[in-house]
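These notes are about the structure you will find just below.
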Amino acid sequence: MKERKNWKDLFPTPIYTLASFDIKLPRVEKEKTYYVLKSKNWVNVVPITKSGDILLIKQYRHGIGEESLEIPGGIVDDEGPNAELDSVIRELREETGYATDLSKIRLLSKFSGNPAMFTNWSYSYVAYDVEPTHDVEFDEGEDIEIVLKSPKEVKQLLLDGTIHHPHMAAALGIYFLQLE
């Protein structure tokens, strides 16, 4: 890995920090300054009910100004060896009220949201036999609707662009590929 020097946090926000660093690449004669968005890691989960349906959530997204059909997920707030898994369990419970036994949750893959600009990773999990066990605990500003769909319906929603969030599409795609 190339050495990134002189890190500077330029503009912090509650979600991202615009930062810069200097780096000299092998085929370039001098160091150059690059800009990135520092963020905590993200997680999402493909929740599969005991009947085999996939639990989706519909929520308003400020960036596009529309509702988005997604799988549960969020920011990894904690640190440590189980931070991503703990966050998946929490996000599933808070956003949907659903849960499952820890032994029925496994990592699908990890993705970079955009390796040219973001410093973090997005971890995707699958959770089998989820069922409603808790009241939802929405974060301030969240208004989420639960939507249950068959795998065939979810594939069609991916193909027709209804599910358009790239992290959600990637997680669902990996899930479906692993079934084949």
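The values are calculated or read from the model by the stated rules, or taken from the named source; none is laboratory data. Everything numeric in this text was worked out from a predicted model, so none of it was measured. Cβ: placed from backbone, ideal geometry, glycine included. Neighbour counts: every protein chain shown. Side chains included, ligands, DNA and RNA excluded: accessible areas come from the protein's heavy atoms. Shrake-Rupley method; radii C 1.70, N 1.55, O 1.52, S 1.80 Å.
Kindly express, to the nearest 10 degrees and within the range 0 to 90, the angle between helix 166-179's C-alpha long axis and the longest C-alpha principal axis of the chain. In the chain, helix 166-179 runs at an angle near 60 degrees to the longest axis. For the range 38-46, 3J(HN,Hα) computed residue by residue from phi via the Karplus equation (6.51, -1.76, 1.60; θ = phi - 60°) reads 7, 8, 5, 5, 10, 9, 8, 9, 8 Hz, glycine and proline entered as x. Exposure check, 1.4 Å probe, all protein chains in place: Tyr175 carries approximately 20 Å² of accessible surface.
For the chain, the solvent-accessible area with a 1.4 angstrom probe is 60 square angstrom per residue. Near Leu56, the amide H atoms lying under 5 Å from its own belong to Val147, Leu148, Lys149; only residues 5 or more places off or on other chains count, and H is placed 1.01 Å from N.
By the scheme Lys and Arg +1, Asp and Glu -1, what is the net charge of all other residues having a beta-carbon under 14 Å from that of Thr133? Charge balance near Thr133 sits at -3. For Tyr125, the residues whose modelled amide H falls within less than 5 Å of its own, excluding neighbours fewer than 5 places apart on the same chain, are Asn44, Val45, Val46, Leu108. Could you tell me which of rounded, prolate or oblate describes the range 57-104, using a ≥ b ≥ c as the square roots of the eigenvalues of the alpha-carbon gyration tensor, with rounded for a/c under 1.5 and, failing that, prolate when a/b is larger than b/c and oblate otherwise? It comes out oblate by the Cα gyration axes. With axes computed from alpha carbons, what is the tilt in degrees of helix 83-96 against the longest principal axis of the chain, rounded to the nearest 10 within 0 to 90? With both axes taken from Cα atoms, the answer is about 50 degrees. Dipole check for the chain: with +1 at the C-beta of Lys and Arg, -1 at the C-beta of Asp and Glu, and the Cα centre as origin, the magnitude is about 1220 Debye. Report the net charge of residues surrounding Tyr34, where surrounding means a beta-carbon distance below 12 angstrom and charges are Lys +1, Arg +1, Asp -1, Glu -1. Net of charged neighbours comes to +4.
Summarising the label geometry, the points placed 7 Å from Cα in the beta-carbon direction at Asn6 and Ile75 lie 2.9 nm from one another. At an R0 of 30 angstrom, the distance between the Cβ atoms of Thr162 and Glu131 translates into a FRET efficiency of 0.75.
Is the range 1-146 best put as rounded, prolate or oblate by its Cα gyration tensor, with a ≥ b ≥ c the root eigenvalues, rounded for a/c under 1.5, and otherwise prolate when a/b is larger than b/c, oblate when not? Here the range 1-146 falls in the prolate category. Taking a sphere under 10 Å around the Cβ of Asp78 and counting the other residues whose Cβ falls inside, with K and R at +1 and D and E at -1, yields a net charge of -2.
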